[in-house]
Amino acid sequence: MKQFLIITWWEFARHFRSRSFLLATFISPLIFAAVVLIPSLYLENTTDIQPRIIGCVEFDTSGVCQDIRDRLIESQFGKFNSPAIQFIPIKTDTSIYMRKRFEELAYHKFEFDSLDDAYNKVKERRKYIFQQPKTPNREALLRQTYGQLIQTRESRDLAQLAYQKRKNECDSLWRVEIVRNADQMLADLRLEGYLLIKPEEFAMGVVEFHSLFPANFLEIEPLQRAVEVVIVEQRLKREGMRVDKIQQWLEPIVFREIQQQGEEKHEFDFLVNYLGPIIVVLFLFISIFTSSGFLFSGVLKEKTNRVIEILLSSVSHNQLVAGKIFGLGILGIFQIIIWYSIMIFLIGLEVINASEVPFLNLKNAGLFLLYFVLGYFYFASIFVGIGSLFSNEEDAHHLNQFMRMLSIFPIVLAILVLEDPNSMLVRVLSFIPPLTPTFMILRTPLGHPPLDDYLISIGIMVVSILLSVFFAGRLFRIGSLLYGKKPSFREIFGIMFK
Amino acid sequence: MKIEINKITKRFKNIEAVKDLTFTVEPGQIVGLLGPNGAGKTTTLRMILNILRPDEGDIFFDGQTMRRQIRNQAGYLPEERGLYQKYKVIDVLVYFGRLKGLNYRKSHVEAVRLLDSFQMIDYLEEPIGHLSKGMQQKLQFLVSLIHDPEILIMDEPLWGLDPLNQELVKDKILSLKEGEKTILISTHLLTDAESMCDYFVMINKGKVILKGTLEQIRKDFYQNMIIVETNKNPELLRKIPKIKDIEFDDSRIYLYLDRNASVKETMREIVNKVDVSRIELHKPSLSDIFLQTIKNVTV
């Protein structure tokens with residue numbers, strides 16, 4: 001027992017003073033947290049500070065852009081935290097050529113309108129004459145105006161055809177011109193995006209959003225909502241609803257997101273409730289693999305420089321392995337205590353508002369520690385067994401990398417937990433030992449798993465640890481004195497199950 | 001503390017690394033375990049230290065099997081050396097002292113005393129990685145002595161040391177012998193073994209091929225050799241019945257005598273047969289015995 005404690009203390013003390021431990025305790029978590037948080041914080045803050053300028057292009061003059069703008073202003077009113085969108089209907093400053101075309105079109109329109117007017121006047125006159133008593137003079141006037149009517153109608157129809165032709169040409173050219181203009185504004189970064197409203201598609205509820213950068217496609221829900229409101233408004237109008245009622249019905253809705261957590265309820269916060277648990281899991285990952293990594297490289301080095309033989313001439317295999325695992329386990333717990341202390345310190349300084357981060361509580365701290373201990377013992381025994389099989393760092397390095405890749409796997413699967421923390425698939429995965437610590441730590445704040453899940457996962461972990469310690473002991477007993485060639489998988493299995 | 005190794009056998013898969021090995025190491029005696037590479041020396045040492053367990057046979061220490069108390073009285077110097085490179089000399093020595101049952105204070109005092117006696121006191125606070133290879137070798141030797149062990153088991157203790165430090169270590173080993181410690185050395189350096197060891201166990205392929213004191217071995221080996229220099233036809237010497245084998249080396253002729261040959265009579269016959277410019281009786285060294293024995297066994 002005394003020698004076990006001496007080894008425990010030695011392993012703890014020598015690694016506690018190492019630079020790797022300081023790095024893993026203070027620098028790695030900062031880097032991990034930064035990698036996760038900075039993009040989200042950046043997006044949040046940039047949208048807070050700078051309003052995003054979104055344009056609106058419509059192919060007709062029905063005023064949809066203006067309606068969307070009004071609805072957007074209404075929905076953003078009083079919301080200072082949400083990203084502000086400045087919505088600008090794009091007026092087309094057309095080219096000289098287009099202006100000339102428009103002037104020509106206006107002339108044709110004028111011509112058509114004049115002829116139409118003249119035609120209507122002739123028609124009115126004939127109507128008046130027709131209503132007069134039948135006289136020879138009336139008949140003569142009717143014949144005379146009939147010729148005028150036919151002639152004016154022909155002229156009007158010809159003018160209409162000419163106008164329609166010009167108009168179609170102009171419309172096509174104008175659509176191209178206005179889209180080109182909007183694209184140019186995008187390219188000049190005067191706009192972050194624009195809505196393209198084509199009347200025929202808009203009636204069917206289709207609106208295009210054009211932008212250059214992927215980030216601009218995020219956070220456009222207020223705009224989508226405003227477009228939806230306008231479309232619904234138009235549809236209701238078509239159905240004959242009263243305009244004042246429509247506006248009343250379409251008042252912006254305040255949607256409060258309340259998450260029930262155990263017996264408590266809290267406003268849902270993406271950063272806290274979604275990214276928070278992932279950061280916690282990353283901390284768990286760092287802690288488990290700092291200690292297990294030390295164990296792995298320690299055993300390998302001791303074997304390479306034959307210190308292991310001196311150690312084994314002083315203590316038994318079991319004492320040595322147990323001392324190492326416990327020593328580095330205490331190091332991991334110490335690392336977690338350092339993080340807890342930093343957390344308490346930051347809460348004390350009000351840098352972190354504990355009431356806004358509901359999963360920062362004693363119960364979860366205890367669970368985190370429990371799953372660290374279980375995860376650590378599980379991985380540590382695997383690492384110690386495998387580490388003892390290799391006699392040089394190069395051979396072991398590849399396996400170590402592979403093991404680390406495997407251990408990152410649960411974090412990759414974390415998305416399943418975020419989607420539905422208590423789904424059957426997630427529950428089943430929670431009971432697979434390499435995934436258990438990560439999944440249970442993630443599920444705790446997100447889904448409040450039932451007590452059964454805790455008991456089953458702990459039970460499975462305990463059995464797995466006992467098995468892995470048993471096999472690791474066998475591997476260590478043989479492997480620690482095995483030099484020269486790399487053992488094959490067959491030999492490894494031979495040692496384990498002999 | 002007397003070590004009795006009694007018919008121990010160790011197998012790795014189908015290979016018998018050590019087979020029916022039996023010998024004894026008495027207190028105040030240095031026993032040399034000799035043998036070519038792969039003979040089973042290191043496996044034997046590991047079994048004595050309980051790092052490996054024999055498949056058959058027993059090892060007794062003053063009539064008792066290995067226990068923690070006995071383990072704490074054993075010092076071990078493995079063949080290949082290396083210590084915790086990043087850690088201070090004193091910390092590492094104290095750690096190994098504590099593993100051998102010393103308390104922190106005693107371990108610290110012993111570490112300082114040993115470092116001082118080996119002129120390494122200036123390196124007390126130095127990381128081991130900063131020491132020269134020779135210094136690290138000496139430090140490793142000190143690690144095996146930190147707890148003043150009753151049993152000292154060393155694999156190639158002089159390997160890698162310069163002549164000066166070899167002498168220092170050799171003197172220390174001899175002084176330990178004077179102090180009635182039980183010492184078992186495995187080595188390839190047969191000249192050093194000859195000068196240090198009182199008893200030899202020569203093994204090959206896990207089996208004892210020769211054992212005893214140097215005198216006993218010589219007597220058992222009984223391979224007297226006469227060296228002759230002559231200008232006459234040396235083939236004439238083949239006619240002498242007591243000569244078993246002849247080897248030529250330039251002007252020298254090595255004549256291996258039969259076990260029951262009388263040296264005096266044979267020498268007389270040689271002088272009668274050829275004109276001898278030089279004749280000399282050569283007693284076999286440990287190295288000769290080692291080489292010849294291994295050769296015979298292999299043949």
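Helical content alone sets the calculated 222 nm signal of the protein assembly as shown at -19000 deg cm²/dmol, taking -39,500 (n - 2.57) per DSSP H segment of four or more residues and averaging over every residue. Label reach from A:Val463 (point 7 Å along Cα→C-beta): in region A:364-378, amide nitrogens under 18 Å belong to A:374-375, A:378.
Based on the reciprocal of the average 1/r between different C-alpha atoms, the Kirkwood radius for the protein assembly as shown equals 36.0 Å. Exposed loop sites were defined as GluC sites (Glu not before Pro) in DSSP loop states (anything but H, G, I, E or B) carrying at most 10 other C-beta atoms within 10 Å; in chain A the longest segment without such a site runs A:1-238. Distance from the C-alpha centroid of region B:16-82 to that of region B:137-156: 15 Å, rounded to the whole angstrom. Across region A:323-334, rounded Karplus estimates of 3J(HN,Hα) from the backbone phi angles (6.51 cos²θ - 1.76 cosθ + 1.60, θ = phi - 60°) give x, 5, 4, 5, x, 7, x, 5, 4, x, 5, 4 Hz, Gly and Pro being marked x.
Scalar couplings 3J(HN,Hα) for region A:382-391, obtained by applying the Karplus form with A = 6.51, B = -1.76, C = 1.60 to θ = phi - 60°, are 5, 4, 5, x, 6, x, 6, 7, 9, 10 Hz; x denotes Gly and Pro. Note on region B:224-283: semi-axes of the ellipsoid equivalent to its C-alpha gyration tensor, largest first and rounded to whole Å, are 16, 12, 11.
Among the trypsin sites (Lys or Arg not before Pro) in region B:10-48, those located in a DSSP loop and surrounded by at most 11 other Cβ atoms within 10 Å of their own Cβ are B:Lys13.
Residues whose amide H lies under 5 Å from that of B:Gln29, counting only those 5 or more places away or on a different chain, are B:Ile183; hydrogens are built 1.01 Å from N in the peptide plane. Built from the Cα atoms of region B:27-163, the convex hull projects on average onto 9.3 nm², one quarter of its surface area.
Only one residue of A:Leu389, B:Thr213, A:Ile53 has its Cα farthest out toward the positive end of the dipole of the protein assembly as shown, where Lys and Arg carry +1 and Asp and Glu -1 on Cβ, and that residue is B:Thr213. Close amide H partners of B:Val18, meaning residues 5 or more places away or on another chain with modelled amide H under 5 Å apart, are B:Lys10.
Of A:Ile338, B:Ile3, A:Ile286, how do they rank once you tally other Cβ atoms within 10 Å and put the fewest first? List each step's numbers first, then the result.
Details: A:Ile338 14, B:Ile3 23, A:Ile286 20.
Listing A:Ile338, B:Ile3, A:Ile286 from fewest to most nearby Cβ atoms yields A:Ile338, A:Ile286, B:Ile3.
To one decimal place, what orientation-averaged projected area in nm² is obtained for the convex hull of the Cα set of region B:8-73? Display every interim value, and only then the final one.
Details: hull surface 19.6 nm².
The orientation-averaged projected area of the Cα hull of region B:8-73 comes to 4.9 nm².
Rounded to the nearest 0.05, what FRET efficiency do B:Asp116 and A:Phe26 have when you use their Cβ-Cβ distance and R0 = 51 Å? Show your work: numbers first, answer last.
Values: r = 40 Å, r/R0 = 0.79.
For B:Asp116 and A:Phe26, the calculated efficiency is 0.80.
Around the Cα centre of the protein assembly as shown, unit charges on the Cβ atoms of Lys, Arg, Asp and Glu (plus for the first two, minus for the last two) sum to a dipole of about 1440 debye. Taken one residue at a time, the phi angles of region B:48-53 give Karplus couplings (6.51, -1.76, 1.60, θ = phi - 60°) of 4, 7, 6, 6, 10, 9 Hz. Gly and Pro are set to x. Which Cys residues of the protein assembly as shown have no other Cys Cβ less than 4.7 Å away and so no disulfide-compatible partner by this rule? Cysteines lacking a close Cβ partner in the protein assembly as shown: A:Cys170, B:Cys197. Database remark: amide H of A:Ile88 closer than 5 angstrom to the amide H of A:Ile54, A:Gly55, A:Cys56 (H placed geometrically; neighbours at sequence offset of 5 or more, or on other chains; Pro and chain starts carry no H). Pairwise inverse Cα distances across region A:78-219, averaged and inverted, put the Kirkwood hydrodynamic radius at 19.7 Å.
Count Lys and Arg as plus one, Asp and Glu as minus one, and take only other residues whose Cβ is under 12 Å from that of A:Lys2; the net charge is then +3.
Here, each number is a calculation from the coordinates, and none is a lab measurement. Since the model is a prediction, treat every value here as computed from it, not as a measurement. Ideal geometry is used to build each Cβ from the backbone, glycine not excepted, and the neighbour counts take in all protein chains shown.
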